[in-house]
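Below: one structure, written as structure tokens.
The values are calculated or read from the model by the stated rules, or taken from the named source; none is laboratory data. None of the values given here were measured: they were computed from a predicted structure. So basically every Cβ, Gly included, is an ideal-geometry build from the backbone, and we count neighbours across all protein chains shown.
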Amino acid sequence: MPALSRRRSLDDPHRETWLIYFGDVRGGSIGRRAGVPNSAPQWGWSCGFYPGSEPGDHRSGVAETFDEARTGFEAAWQKLSATWSEADYEARRRERDWTAWKDCMHRLALPLPTQRPNGIARCFC
């Protein structure tokens, strides 16, 4: 069974955000909160993924430090992951791959099969 791993998000170099993965499935994130006063907790975390888990199953919280946020995330992960099956992880993988394919088709201005009268489209691959 894969262990949780984290990777620094490169989306915003000015904000510290860590993406949490279980194998190849992104299961949440831990990051510095933006736009909060210095007196408020500076770290936030979120745990869960869709599809695969129900929308109401996601958990999130705030913390004073990164270590506290990581502890909160890990506690939520233990509770939530006990309810997920391999089919849930596979549903998330399928959705992730479909979205990547669709986004690439749009980026290259190629119509999707549903956008053609004959239902056939040229793929970027």
### Query
Which ones in segment 20-39 are under 21 Å from R93 (Cβ atoms) and over 11 Å from the mean Cα position of the chain (by Cα)?
G23
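Just a yes or no: is a residue in segment 89-102 aromatic (F, W, Y) and either touching a Gly at 6+ places or on another chain (Cβ under 9 Å) or at positive phi (or both)?
Step one: of segment 89-102, the residues aromatic (F, W, Y) are 89, 98, 101.
Remaining after also requiring either touching a Gly at 6+ places or on another chain (Cβ under 9 Å) or at positive phi (or both): 89.
There is at least one residue in segment 89-102 that is aromatic (F, W, Y) and either touching a Gly at 6+ places or on another chain (Cβ under 9 Å) or at positive phi (or both).
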### Task
Please state which one of R107, R96 is of a type in the set (K, R), closer than 28 Å to A34 by Cβ and more than 18 Å from the chain's Cα centre (by Cα).
R107
#### Entry: For D67: the one exception among (1) closer than 22 Å to T17 by Cβ; (2) in contact (Cβ under 8 Å) with a residue 12 or more places away in the chain
(2)
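Matching residues to (1) within 13 Å of the chain's Cα centre (by Cα); (2) under 21 Å from E95 (Cα atoms); (3) modelled with pLDDT of 95 or more; (4) among the acidic types (D, E):
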site	(1), (2), (3), (4)
H14	no, no, no, no
W18	yes, no, yes, no
P41	no, no, yes, no
G52	yes, yes, no, no
H58	yes, yes, no, no
A63	no, no, yes, no
